[in-house]
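Reading through the structure tokens given below for one structure.
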Amino acid sequence: MFKIIRNATVYNPDKLGKKDVLIVNDKIIAIDDKIEISSNGIFDVEEINCKGKILVPGFIDGHVHILGGGGEGGFSNRTPEATLSILTKAGVTTVVGVLGTDGVGRDMNALLSKARALEEEGITTFVFDGNYRLPIKTLTENLINDIMAIDKIIGIGEIALSDHRSSQPSFDEFVKTVADTRVGGILSGKAGIINVHLGDGKRCLDLINEVVEKTEIPISQFWPTHINRNAYLFEEGIKFAKKGGIIDFTGNSDPDLWEKLYGEVKVSKAIKRVLEEGISEDNFTLTSDGQGSFPMFDDKGNYKGIGIGTSSCLLESIKACVFEENIPLEKAIRAITVNPANILKLKNKGKIEKNYDADLCLLDEKTLDIDMVIAKGKIMVKNGNPTVFGVFEKASKN
Ligand code: ZN
């Protein structure tokens, strides 16, 4: 019930220095230089000594195919669902579930059920309504109603644009959906965000820019992702962010190879550029595209088979920011903590602050490897290994 995290260097994500953090049940109650409480033997106080460790907010992964994705090479290429421990061991304490290309073999009812399952197992979950295609197949009578009536729905996505797999929506069709999402968000106090998957097409962000130019809808309504998938789109993304837009980068488990083979912009380099360009430190995020499928290659570029993305690329990207690009941790970590929390309007998430949810990651000071993960006040990972598993996970397999 009571936990005191002692002597960690706290990044809230701003660097606060060495602090004690008091957790009661699922909330952060106090952050101070030295916290002393007397239980008088009435309740237990768990003390966690964190000398040599860094405490950061639990990670928010805002774009994960929690129900599985893929399926683009046929049914056998459908990827498996996310498990609790695959997320928590990567430091993820809040996840936003998305469908993908396939909104038929997997649908919103199933996505919502999966999100509820992960929430029951201990982390915080949300979903985006829809999949790649417009019109959105809503769960209730219409999109505004979906956002207002279903707590977990905080926006729509991932809507595919500039991609051969997109439903190729017209301006009118797109803008009508965007408008409904915005109004649904306003009426329910949610972000009503439009998460847009961008493909390799040369139109890049054109349709979004057209909506911003021709209507009253603000640029901040959009959260385009995969901005670092190629150099051309990345440059368009930089222009978009300079106008006040928010851009989301997608992590990769083998970024150097993908940079070499496909010209993908490595996340650490992308974040460095964002900061150099004077773009707002609030306007960039990083997500994993976890459980999505991707082709794997050896060092010579030979196809090795199909793989599945995981959230572990988040922290790996942050490490590259710090160790390869010399970006201060407090700036880089914004991409997976306070920035997505603000952009997605996730209350009490993304910061180490009084009355915020006790979602925390403890990292090794030197390596930034995960040591402990706490979700809603409960220890999920200890010494880098998951201690809590999903109902059908076998501990021995992890
Ligand atoms: Zn996508």
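The values are calculated or read from the model by the stated rules, or taken from the named source; none is laboratory data. These figures come from a predicted structure and were not determined experimentally. Reconstructed Cβ throughout: ideal geometry from the backbone, glycine too, with neighbour counts over all protein chains shown.
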For the list (1) free of Cβ contacts under 8 Å to residues at least 40 places away in the same chain; (2) within 16 Å of the ligand (Cβ to nearest atom); (3) of a type in the set (A, V, I, L, M), I need the number of the one condition that L286 fails. (1)
Kindly indicate whether G292 is within 16 Å of the ligand (Cβ to nearest atom), under 17 Å from the mean Cα position of the chain (by Cα) and of a type in the set (G, A, S). yes
Name the residue, out of T125, T177, that is at pLDDT 95 or above, β-branched (V, I, T) and more than 27 Å from F294 (Cα to Cα). T177
Pair list, Cβ < 8 Å and 6+ apart or interchain, from the stretch 223-249 residues that are free of Cβ contacts under 8 Å to residues at least 60 places away in the same chain and more than 12 Å from the ligand (Cβ to nearest atom) to residues that are aromatic (F, W, Y) and part of a helix (DSSP H, G or I): N228/F234; N230/Y262; I247/F240
Filter result for E81 (away from the ligand (no atom under 16 Å from the Cβ), acidic (D, E), on the phi < 0 side of the Ramachandran plot and surrounded by fewer than 23 Cβ atoms within 10 Å (Cβ to Cβ)): yes
Suppose we filter the stretch 118-166 for residues that are within 25 Å of I86 (Cα to Cα), without any contact (Cβ under 8 Å) to a residue 60 or more places away in the chain and assigned to a loop (DSSP other than H, G, I, E, B); how many remain? 4
Show me the strands (runs of 3 or more DSSP E) found entirely inside the stretch 280-320 where at least 1 residues are of a type in the set (G, A, S) and either touching a strand residue (DSSP E or B) at 6+ places or on another chain (Cβ under 8 Å) or under 30 Å from N342 (Cβ atoms) (or both). 293-297, 303-308
Look at G74 and say whether it is farther than 15 Å from G122 by Cα, over 14 Å from the mean Cα position of the chain (by Cα) and surrounded by fewer than 19 Cβ atoms within 10 Å (Cβ to Cβ). yes
Residues satisfying the stated conditions in the stretch 147-178, i.e. of a type outside the set (D, E), more than 19 Å from R203 (Cα to Cα) and more than 16 Å from the ligand (Cβ to nearest atom): I147, M148, A149, I150, K152, I153, I154, K176, T177
Pairs, please: C-beta under 9 Å, at least 6 apart or cross-chain, first residue over 19 Å from S76 (Cα atoms) and modelled with pLDDT of 75 or more and in the stretch 298-311, second of a type in the set (S, T, Y) and in a strand (DSSP E or B)? S311/T287
Do we find a residue being touching a residue at least 40 places away in the same chain (Cβ under 8 Å), among the basic types (K, R) and assigned to a loop (DSSP other than H, G, I, E, B) anywhere in the stretch 196-216? yes
So, of the residues in the stretch 88-115 that are within 16 Å of the ligand (Cβ to nearest atom) and under 19 Å from V391 (Cβ atoms), which turns out to be surrounded by the most Cβ atoms within 10 Å (Cβ to Cβ)? V95
Name the residues in the stretch 65-97 that are at pLDDT below 95, over 15 Å from F392 (Cβ atoms) and touching a Gly at 6+ places or on another chain (Cβ under 6 Å), would you? G69, N77, R78, T79
Would you check if there is a residue in the stretch 328-337 being surrounded by fewer than 24 Cβ atoms within 10 Å (Cβ to Cβ) and part of a loop (DSSP other than H, G, I, E, B)? yes
Just checking, how many residues over the stretch 127-146 are within 16 Å of the ligand (Cβ to nearest atom) and either touching a His at 6+ places or on another chain (Cβ under 8 Å) or among the charged types (D, E, K, R) (or both)? 3
Of the listed residues (T337, T310), the one being within 16 Å of the ligand (Cβ to nearest atom) and of a type in the set (S, T, Y) is T310
